Amino acid sequence: MNNIAPTWRIALIGECMIELQQHSNGSLLQSYGGDTLNTAVYLAREMGGNATVDYVTALGDDSFSTAMCKSWQEEGIGLSMTQRFPGRLPGLYCIQTDEKGERRFLYWRNEAAVRNCFDEPTSAPILAALSGYDVLYFSGITLAVLGESGRKKLIAMLKEAQLKGALVAFDNNYRSRLWSSPEEARKAYRETLPYVGLALLTFEDEKELFHHRDIAAVFAACQEFGISEVVIKRGAESCVIKLKDQSFEVPAKKIDRIVDTTAAGDSFSAAYIACRLKGGDPALAALSGHSLASQVIQVPGALIPRERETQP
């Protein structure tokens with residue numbers, strides 16, 4: 001991952017939603033979140049002046065969408081790839097957590113503006129510009145919310161970007177409720193994976209979608225698609241990394257009290273990518289990912305305050 005340019009151009013593609021955190025007394029705290037947006041925020045923080053980070057999505061012209069854009073700008077995220085559709089709204093989700101910090105999500109997103117992100121005439125110049133970025137990042141949730149039409153345009157763009165030398169990074173984030181069937185999801189993933197250079201995979205999601213029985217099966221499947229760098233995330237357990245012909249484990253950081261596991265994987269991915277882009281090897285990148293994730297799970301919500309974030 002060597003880059004002679006002084007600044008990386010990074011684009012993350014996906015959906016940000018209105019986030020509601022439900023407390024034990026029934027009260028709700030409103031903020032914003034979404035898997036790729038969470039990664040974008042943490043990646044912008046980790047990269048600092050070494051990157052420009054743009055978020056690719058579609059929102060409405062409502063006050064919530066405006067507040068989202070303002071918060072992204074405050075985090076240093078560019079809005080040139082963010083579309084605003086009159087009369088539309090963003091999606092919404094609620095986080096409910098149990099006594100162990102494990103979360104349950106409730107979603108309202110069927111009419112979200114992002115579903116037409118690549119279907120409007122305004123998306124054509126965005127898709128053309130994306131193929132010129134150094135790094136592109138998307139997730140399984142991105143594939144689901146874009147729909148079949150949007151996915152086809154995304155895949156065509158990824159193919160062009162790969163030919164130009166871009167690093168395409170993918171987080172599997174499989175959410176069954178977003179798909180009409182597992183077969184639809186498997187087809188979409190398989191159409192996309194040939195263009196991925198870095199796969200950041202949650203093992204439980206791989207088991208659920210592809211029925212992989214063990215780590216070796218995941219690595220074998222990735223090898224078939226030509227993915228050169230694979231990171232398998234396993235929550236509180238060590239992550240397992242395969243880079244070309246070498247594979248190894250990196251232990252996770254032990255935490256005594258977990259408050260909320262939301263965005264643990266998203267933050268890990270951000271720190272891992274940032275470290276790799278800045279020249280760190282995979283083992284160091286994984287340690288950086290574990291360190292950031294361990295901080296995130298000790299604070300409610302997806303995005304921890306900047307002042308709570310420390311370097312590994």
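The values are calculated or read from the model by the stated rules, or taken from the named source; none is laboratory data. Here the structure is a predicted model, which is why all the values come from computation and not from measurement. Every residue, glycine among them, receives a Cβ derived from its backbone with ideal geometry; neighbour counts consider all protein chains shown. Please note that ligands, DNA and RNA were not included when accessible areas were found on the heavy atoms of the full protein model with its side chains. Shrake-Rupley method; radii C 1.70, N 1.55, O 1.52, S 1.80 Å.
Summary table below
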| read-out | value |
| --- | --- |
| Pair list, Cβ under 8 Å, 6 or more apart: segment 107-129 residue more than 17 Å from Ser80 (Cα to Cα), other residue of a type in the set (Val, Ile, Thr) | Arg109/Val145; Ala112/Val145; Arg115/Val145 |
| Counted residues, segment 256-294 - those being touching a helix residue (DSSP H, G or I) at 6+ places or on another chain (Cβ under 7 Å), of a type in the set (Asp, Glu) and either open to solvent by less than 10 Å² (accessible area, probe 1.4 Å) or over 18 Å from Gly34 (Cα atoms) (or both) | 0 |
| Single match in Thr52, Thr57 (criterion: crowded, with 17+ Cβ neighbours inside 10 Å and under 13 Å from the mean Cα position of the chain (by Cα)) | Thr57 |
| Residue match in segment 226-234 (condition: closer than 23 Å to Glu160 by Cβ, open to solvent by 20 Å² or more (accessible area, probe 1.4 Å), part of a loop (DSSP other than H, G, I, E, B) and modelled with pLDDT of 95 or more) | yes |
| Cross-chain or 6+ apart pairs with Cβ under 6 Å, segment 50-64 first and under 16 Å from Tyr133 (Cα atoms), then open to solvent by less than 10 Å² (accessible area, probe 1.4 Å) and in a strand (DSSP E or B) | Ala51/Ile10; Val53/Ile10; Val53/Ile77; Asp54/Ala11; Tyr55/Leu12; Tyr55/Ile77; Val56/Ala11; Val56/Ile13 |
| Test result for Thr36, at pLDDT 95 or above, open to solvent by less than 50 Å² (accessible area, probe 1.4 Å) and not hydrophobic (A, V, I, L, M, F, W, C) | yes |
| Residues that are under 17 Å from Thr36 (Cα atoms), in contact with a Ser or Thr (Cβ under 7 Å, 6 or more places away or on another chain) and part of a helix (DSSP H, G or I), drawn from segment 46-83 | Cys69 |
| Residue among Ser63, Ser80, Ser24 that is within 16 Å of Ala113 (Cα to Cα) and open to solvent by 70 Å² or more (accessible area, probe 1.4 Å) | Ser63 |
